[in-house]
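The values are calculated or read from the model by the stated rules, or taken from the named source; none is laboratory data. Just so you know, these numbers come straight off a predicted model, no measurement behind them. Neighbour counts are summed over all protein chains in view; Cβ atoms, including those assigned to glycine, are modelled from backbone coordinates with ideal geometry. With ligands, DNA and RNA removed, areas are computed over all heavy atoms of the protein, side chains included. Shrake-Rupley method; radii C 1.70, N 1.55, O 1.52, S 1.80 Å.
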Amino acid sequence: MKLGMYLLAGAISLGSIGASSNAQPASTPAQPATPAAAAADEDPFLFLEEIEGERALAWARAENERTLGELQADPRYQQFYDRALEILQARDRIPFVAIRPSGLYNFWQDQDHVRGILRRTTLASYRTENPQWETVLDVDALATAENANWVYQGMSCLPPAQRRCLVTLSNGGRDANFVREFDLAEGRFVAGGFSLPEGKQNVAWVDENTILVARDFGEGTMSTSGYPITVRRLSRGQALDQAQEVFRGTQQDVRVFPFVLRDARGRAHASGVGRAVSFFENEWTIFTPRGNVVLPIPRKASPVGIVDGRVLFSLDEPWEAAPGLSFATDSVVSYDLNRWKRDPVRARPSLVWAPGPRQTLSGAATTRNTLLLTSLDNVRGRAFTYNYVRGAWRSTPVPLPQNATVGIAAASDENDLAMFTVTDFLDPTSLYLYDAARAAAPERIKTTPPRFNAAGHMVEQFEATSRDGTKIPYFVIRPRNAPMDGSTPTLLYGYGGFQSALTPGYLGTTGRLWLEGGNAWVVANLRGGGEFGPEWHQTAQRANKQRTWDDYIAVAEDVIARRLTSPRRLGVVGGSQGGLLVGTAITQRPELFNAAIIQVPLFDMMRYHLLGAGASWIGEYGDPRIAEQRAWISGYSPYQRLTPGRTYPTPFIHTSTADDRVHPGHGRKAAARLAALGQPYYYYENMQGGHSAAANLQETARRLALEYTYASKRLVD
């Protein structure tokens with residue numbers, strides 16, 4: 001489990017949609033060149049890699065006009081948009097909170113607060129049906145006052161009081177952001193406080209007057225992946241260019257980032273730097289009076305926190321810590337805090353938790369005195385509390401509903417209160433309040449009202465057999481009365497990368513816009529994901545990435561063989577890495593599908609390392625500059641596999657101009673190449689929104705409406 005890694009997260013969430021197919025073919029605009037050869041220097045569409053290039057933007061605007069003109073003219077579009085927006089802006093959805101000493105804080109967006117407000121309430125009020133909220137920060141008002149398209153990206157508050165916070169704001173949803181100091185008690189930005197200009201950056205509080213900053217400090221301070229490689233110590237009132245450098249990585253690193261390890265009382269016990277030598281490997285260094293010390297832990301390990309006088313780490317690889325002392329992949333281990341601080345090299349770890357068969361760690365947090373862990377057991381969630389008592393860890397199961405996905409929603413540093421979410425595909429999400437000190441039954445305090453009629457649907461779990469014989473589990477959500485004659489329009493969703501697990505979650509918009517129409521939704525748990533732990537991911541990386549694509553195709557073949565659907569009625573959908581997944585599916589087995597929704601995708605894998613943050617993902621895919629690895633990648637890169645003489649399912653490709661993580665050139669070039677081949681397609685590029693492809697709820701509703709309109713045209717008509 002990657003605890004706290006930035007990853008490809010923040011892309012399209014489960015519940016967006018994918019589909020294409022056999023209704024009226026999309027029009028095919030004329031393009032300036034014929035299909036390119038595989039070699040990059042022969043690619044006629046390189047101009048589309050210029051994100052803000054005049055020619056590229058003119059091309060994108062023309063594509064938008066064509067696609068919107070066709071899809072928004074469908075009478076279903078407005079219905080889908082209205083229904084999606086109603087759900088997204090519903091005032092009775094659960095307002096998830098962060099528990100701070102001054103109250104419970106929630107970031108909220110609705111029709112009156114398009115960009116959103118940060119607000120707070122008390123626990124007593126929160127437990128009522130209609131909490132009384134106090135607005136702390138109005139992002140809409142701020143955007144108007146400053147003439148900016150602010151997107152709130154969160155805040156980091158200084159313990160223990162958590163009054164002073166570093167608020168992160170992005171102009172348009174990019175990963176690059178601004179950081180400003182904010183006073184929660186006074187509800188205003190601090191005059192003369194910490195303020196960092198736009199950049200891809202990470203910050204950590206040291207004390208009230210000092211922060212650690214990783215960002216672009218000029219020439220030689222950014223990696224080839226486009227992330228910071230230096231950390232500097234910045235004091236209050238000090239000019240940014242005068243900040244003292246305390247660590248420097250190399251330009252071949254993915255990035256470096258600062259961290260401070262604190263206990264629940266806010267006391268800092270260590271500060272230092274994580275040096276990401278690859279996307280999945282970190283070298284952890286702490287600052288000591290004797291100099292910097294590299295922690296002798298595996299590179300695939302991450303700090304969890306401090307509780308009961310123990311400092312905790314999670315492991316994503318097996319570790320022989322000492323002769324006769326070994327830990328399995330996915331374990332959680334701990335050290336005596338005082339011994340670790342005196343000598344982190346010689347301190348001896350002990351086991352807290354280890355997975356059983358088909359189990360994996362899915363979440364971790366700490367309260368004042370308790371460690372909280374959640375796990376997946378065959379993709380079903382469980383939760384436990386752990387306490388260190390008389391030299392040993394003792395676990396207590398948290399009695400939450402079974403056969404559901406369980407997540408940690410909030411944890412308090414002031415006491416042992418925690419909140420858990422419980423959800424599955426058809427039952428609305430519920431929020432439970434739990435007091436670990438009392439170990440009483442959790443109290444359900446919030447529930448999402450039903451967003452669609454699920455009475456006529458059912459959930460099944462099956463296994464498909466992949467090319468190498470591995471069993472690949474997947475979920476089917478379908479009408480109970482589905483005829484099982486191959487006629488049910490079905491969307492197959494997948495991701496299969498970066499150790500990200502696809503778990504059951506309430507299908508609010510999908511249920512209303514897709515399932516209620518008598519259609520089916522399938523979720524594939526592919527190798528490369530994290531559903532069964534780090535090894536499930538690592539078995540489908542780099543030279544073995546084709547296994548992910550094979551797994552997806554195997555699931556498609558299995559749902560067809562079970563007669564749920566047929567190639568005429570089957571569509572595939574995925575975003576980011578999942579967009580690459582869909583691209584491989586329709587280029588390797590185009591005859592299996594009649595629709596493909598390709599969201600903010602990777603697509604040209606021969607040049608992905610040159611685009612956006614692509615170089616940071618070499619740990620997942622390999623490096624096309626190295627001949628052996630180029631051979632792996634060229635075997636599946638969808639852009640190069642779009643070739644004359646083949647027919648592909650008409651896709652709907654959408655990207656964002658403001659996406660500074662996965663470059664919009666991938667999606668742009670895919671559409672242009674299809675046009676040059678004379679193949680129909682739809683392409684839409686949101687000019688804002690970053691990697692989420694939407695800067696606000698209205699833009700999200702538009703995206704969903706476009707996707708489901710397209711899916712209906714291709715699979716239902």
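Near the amide H of residue 271, within less than 5 Å, lie the amide hydrogens of 261, 287, all on another chain or at least 5 residues away, with H placed in the peptide plane. Net charge dipole, region 136-209: roughly 120 debye, given to the nearest 20, about the Cα centre with Cβ charges of +1 for Lys and Arg and -1 for Asp and Glu. The charge dipole of region 385-544, taken about its Cα centre with unit charges on the Cβ atoms of Lys, Arg (+1), Asp and Glu (-1) only, comes to about 120 debye. Candidates 393, 340, 375 compared by Cα position along the dipole of region 333-414: farthest toward the positive end lies 340, with charges placed on Cβ. Could you work out how far the C-alpha centroid of region 70-134 sits from that of region 432-462, in angstrom? Taking the Cα centre of each part, region 70-134 and region 432-462 sit 19 Å apart. If you sort 605, 484 by accessible surface, 1.4 Å probe, largest first, the order is 484, 605. Sparsely packed loop sites in region 362-459 (the trypsin sites (Lys or Arg not before Pro) outside DSSP H, G, I, E and B with at most 13 other Cβ atoms within 10 Å) comprise 390, 438.
Of 319, 340, the order by accessible heavy-atom surface (1.4 Å probe, DNA, RNA and ligands excluded), from most exposed downward, is 319, 340.
Mind running the shape call on region 266-315? Use the C-alpha gyration tensor, a ≥ b ≥ c as the square roots of the eigenvalues: rounded below 1.5 for a/c, prolate if a/b tops b/c, oblate otherwise. Cα axes put region 266-315 in the oblate bin. With each label modelled as a point 7 angstrom along the Cα→C-beta vector, the residue 219-residue 563 pair spans 7.1 nm.
With the simple spin-label model, which puts each label point 7 Å out from Cα in the Cβ direction, the residue 134 to residue 242 separation comes to 3.6 nm. Taking Cα atoms only, the orientation of helix 697-711 departs from the longest principal axis of the chain by about 40 degrees. Residues whose amide H comes within less than 5 Å of that of residue 295, counting only those at least five positions distant or on another chain, are 284, 285, 286 (H built at 1.01 Å from N in the peptide plane). What a 1.4 Å probe finds exposed on region 222-379 is 45% carbon and sulfur by accessible area, rounded to a whole percent. Extension gain, residue 293 to residue 61: 0.36 nm times the residue separation minus the Cα-Cα distance gives 78.3 nm.
Applying the criteria of a DSSP loop state and at most 16 other Cβ atoms within 10 Å to the trypsin sites (Lys or Arg not before Pro) of region 626-717 yields 646. In the full protein context, the chain carries 36 Å² of accessible surface per residue, based on a 1.4 Å probe and ignoring ligands, DNA and RNA. With contacts defined as alpha carbon pairs under 8 Å and 6 or more residues apart, what's the relative contact order of the chain in percent? Relative contact order of the chain: 17 percent. Find which of 564, 539, 579 sits farthest along the positive direction of the dipole of region 535-590, computed with +1 on the beta-carbon of Lys and Arg, -1 on that of Asp and Glu, about the Cα centre. Farthest along the dipole direction, towards plus: 564. Scaling against 2.2 N^0.38 Å puts the C-alpha radius of gyration of region 444-593 at 1.04. For the pair region 556-607 and region 392-429, the centres of their Cα atoms are 34 angstrom apart. When the convex hull of its Cα atoms is viewed from all sides, the chain shows a mean projected area of 29.8 nm².
Since only 156, 618, 315 are under comparison, the one whose Cα sits farthest along the positive direction of the charge dipole of the chain, derived from C-beta charges on Lys, Arg, Asp and Glu, is 315.
Compared with the dominant principal axis of the Cα atoms in the chain, helix 665-676 is inclined by about 10°. In this simple spin-label approximation, residue 42 and residue 189 carry label points 7 Å from Cα along the Cα→Cβ vector, and these lie 5.2 nm apart. Segment residue 460..residue 378, full-extension length gain: 28.2 nm, with 0.36 nm per residue of separation and the alpha-carbon distance subtracted.
Pull out a ≥ b ≥ c, the square roots of the eigenvalues of the alpha-carbon gyration tensor of region 513-637, then state rounded if a/c is under 1.5, prolate if not and a/b is larger than b/c, and oblate in the remaining case. Verdict is prolate for region 513-637.
Pairs 300/341; 200/300; 200/446; 300/446; 300/471; 200/713: which are spaced more than 28 Å apart, C-alpha to C-alpha? Correct reply: 200/446; 300/446; 200/713. Under 5 Å from the amide H of residue 445 lie the amide H atoms of 431, 432, 433, each residue being 5 or more positions distant or on a separate chain, with H modelled from the backbone and absent for Pro and chain starts. Its Cα centre serving as origin, the chain has a Cβ charge dipole (Lys and Arg +1, Asp and Glu -1) of approximately 1320 debye. For region 580-641, the gyration tensor built on C-alpha atoms gives an oblate shape. Its axis ratio a/c (a ≥ b ≥ c) is at least 1.5, and a/b is not larger than b/c. Taking the accessible area of region 70-192, probe 1.4 Å, and keeping the other protein chains in place, the carbon and sulfur fraction comes to 48%. Treating r as the C-beta distance of residue 646 and residue 68 and R0 as 22 Å, the FRET efficiency rounds to 0.20.
For region 255-270, backbone phi angles converted through the Karplus equation (6.51, -1.76, 1.60; θ = phi - 60°) give residue-by-residue couplings of 5, 10, 8, x, 8, 9, 8, 10, 8, 5, 8, x, 6, 7, 9, 6 Hz, Gly and Pro being listed as x.
With respect to the chain, whose longest principal axis is taken over its alpha-carbon atoms, helix 75-88 is tilted by about 10°.
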